[in-house]
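Peer 1: Just dropping this structure here.
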Amino acid sequence: MNVMSWSLSVITTLVVAAATTSPALAANAAKSAPAKPTTVDIKDFAFAPKTLTITAGTRVVWTNLDEEPHVVVSAGNQFATSKALDTSDSYAITFDHAGTYTYYCAIHPMMVGTIIVK
Ligand SMILES: [Cu+2]
């Protein structure tokens, strides 16, 4: 093997090594990209999922699938209260800061849910 082809071989090895480290780069890219909206269904007088864990910057969309109206209210007044959501109505909040956000339905206070923002 002459010096030139040896160099090529080393370069090829480095390129392959760089390519195999790309999952880490991809993970970083995914972290910095805006998070996709996440949905909470309001169905059968319950929030589903009842507890939702998301990353900061995620938009959460509640959709009422019941025939009864529901109102999303932050237990600690951490975000704005929704209007009365009729069937198929949605309400969205973007959670920019880490924390635990508990909420309930103003009309049916036994309906409770939690958003955990990491
Ligand atoms: Cu309700």
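Peer 1: Counting other beta carbons within 10 Å of each residue's own, what order do SER74, SER90 fall into, fewest first?
Peer 2: Lowest count first: SER90, SER74.
Peer 1: From the gyration tensor of the Cα coordinates in the range 56-118, what semi-axes in whole Å does the equivalent ellipsoid have, largest first, with each one equal to sqrt(5λ)?
Peer 2: Working from the Cα gyration tensor, I get semi-axes of 20, 13, 9 Å.
Peer 1: I want to check the label-to-label distance for HIS97 and ALA48. Put each point 7 Å from Cα in the C-beta direction and report it in nm to one decimal.
Peer 2: My value for the distance between the label points is 3.3 nm.
Peer 1: Exposure proxy check: VAL72, VAL61 ranked by fewest other beta carbons within 10 Å?
Peer 2: VAL61, VAL72
Peer 1: Whole-Hz Karplus ³J(HN,Hα) for the range 72-78, in order, using 6.51 cos²θ - 1.76 cosθ + 1.60 and θ = phi - 60°, x for Gly and Pro?
Peer 2: Once rounded to whole Hz, the list reads 8, 10, 6, 5, x, 6, 8.
Values in this text are rule-based calculations from the coordinates and carry no lab data. It should be emphasised that the depicted structure is a prediction, and the values quoted were computed from it without experimental measurement. Glycine also receives a Cβ, built like all others from the backbone with ideal geometry; neighbour counts cover every protein chain displayed.
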